[in-house]
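In what follows, a single structure is set out as structure tokens and then discussed.
The values are calculated or read from the model by the stated rules, or taken from the named source; none is laboratory data. Since the structure is predicted, the reported quantities are computational estimates derived from the model, not experimental observations. Here the Cβ is made from the backbone with ideal geometry for all residues, glycine too, and neighbour counts use every protein chain on show. Note: accessible area is taken over every heavy atom of the protein model, side chains too, but ligands, DNA and RNA are not part of it. Shrake-Rupley method; radii C 1.70, N 1.55, O 1.52, S 1.80 Å.
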Amino acid sequence: KSNLRKPNIGMFLKASKLWKIDKKKSFMIGDQITDMEFAKKAKINGYLYKQKNLYKFIKEKIIVNDK
């Protein structure tokens, strides 16, 4: 039960100490509910990925929404 394992946000907190992370521009792409729980706890956007084409998914969900 490490704090570094999802859905805990220990790895995010550790990374935040090393680098300046802009939560408004950060996001999590994952294929598990625990990935979305992580995103919610870290207060970043989460995208549940269940498709076959990751590029298409990113283009539709993230690039289009960023404009």
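Brief remarks follow.
- Taking the criterion of being crowded, with 16+ Cβ neighbours inside 10 Å and either of a type in the set (Phe, Trp, Tyr) or assigned to a helix (DSSP H, G or I) (or both), the residues of region 28-48 that qualify are 35, 36, 37, 38, 39, 42, 47.
- For first residues located in region 11-24 and at negative phi and outside any loop (DSSP other than H, G, I, E, B), partners that are at pLDDT 95 or above and open to solvent by 100 Å² or more (accessible area, probe 1.4 Å) and lie 6+ apart or on another chain with Cβ distances below 7 Å form the pairs 23/43.
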